[in-house]
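The values are calculated or read from the model by the stated rules, or taken from the named source; none is laboratory data. The structure presented is a predicted model; accordingly, all values stated were derived computationally and were not measured. Positions of Cβ are generated from backbone atoms using ideal geometry, with glycine treated the same way; all protein chains shown enter the neighbour counts. Ligands, DNA and RNA are excluded from the accessible area calculation, which covers all protein heavy atoms including side chains. Shrake-Rupley method; radii C 1.70, N 1.55, O 1.52, S 1.80 Å.
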Amino acid sequence: MKKIIMINLAVSAVIMLALPWLAVTFVKGDAGMAVCFLLFFAVDPIYAVMAGVSAGKDIRRLWSLPIISAALFLAGAWMFFAIGEKAFLLYAAVYLVLGMAAMCISKFIRFWR
């Protein structure tokens with residue numbers, strides 16, 4: 001179980017911390033805005049759902065995975081885009097809801113099998 005948590009933490013750190021840093025550092029101008037839209041509206045929500053699905057395998061031990069991914073998103077967005085920006089709280093809340101919903105649906109599907 002610790003292996004799953006450690007792998008998820010590493011992947012969360014890469015997606016939620018390293019990708020925004022790469023976008024800010026290496027992509028400039030309008031292309032940077034396009035990459036940010038891609039991150040905020042495709043990559044991060046898809047990963048939040050994937051973290052929720054993997055947490056649904058064993059909710060008692062893995063319930064924190066969606067919370068960790070949302071918290072890392074918030075930390076990364078505030079570090080690399082704008083510290084204290086309130087809009088990122090909304091994004092983090094949506095990612096948290098997506099992850100928790102995916103976790104519950106995944107557990108529900110596994111329960112009825």
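If the condition is being in a helix (DSSP H, G or I) and out of contact with any helix residue (DSSP H, G or I) (no Cβ under 8 Å at 6 or more places or on another chain), then the range 24-43 contributes Thr25, Phe26, Gly29, Asp30, Ala31, Met33, Ala34, Phe37, Leu38, Phe41, Ala42.
For the range 87-102, filtered to residues that are under 9 Å from the mean Cα position of the chain (by Cα) and over 18 Å from Asp58 (Cα atoms), the residue that is surrounded by the most Cβ atoms within 10 Å (Cβ to Cβ) is Tyr95.
Does Ala23 count as over 16 Å from Leu96 (Cα atoms), of a type in the set (Gly, Ala, Ser) and open to solvent by less than 50 Å² (accessible area, probe 1.4 Å)?
So Ala23 passes the test.
Against the definition (under 9 Å from the mean Cα position of the chain (by Cα) and either buried (at least 18 other Cβ atoms within 10 Å of the Cβ) or hydrophobic (A, V, I, L, M, F, W, C) (or both)), how does Leu72 come out, yes or no? So Leu72 fits the description; yes.
Could you tell me which of the residues Ile83, Ile67, Ile4, Ile46 is open to solvent by 60 Å² or more (accessible area, probe 1.4 Å) and not in a helix (DSSP H, G or I)?
On the way: Ile67 fails: not in a helix (DSSP H, G or I); Ile4 fails: not in a helix (DSSP H, G or I); Ile46 fails: not in a helix (DSSP H, G or I).
Just a single option satisfies the conditions, and that option is Ile83.
Any residue in the range 42-63 that is acidic (Asp, Glu), over 16 Å from Ala101 (Cβ atoms) and either without any contact (Cβ under 8 Å) to a residue 24 or more places away in the chain or touching a Leu at 6+ places or on another chain (Cβ under 7 Å) (or both)?
No, that holds for no residue.
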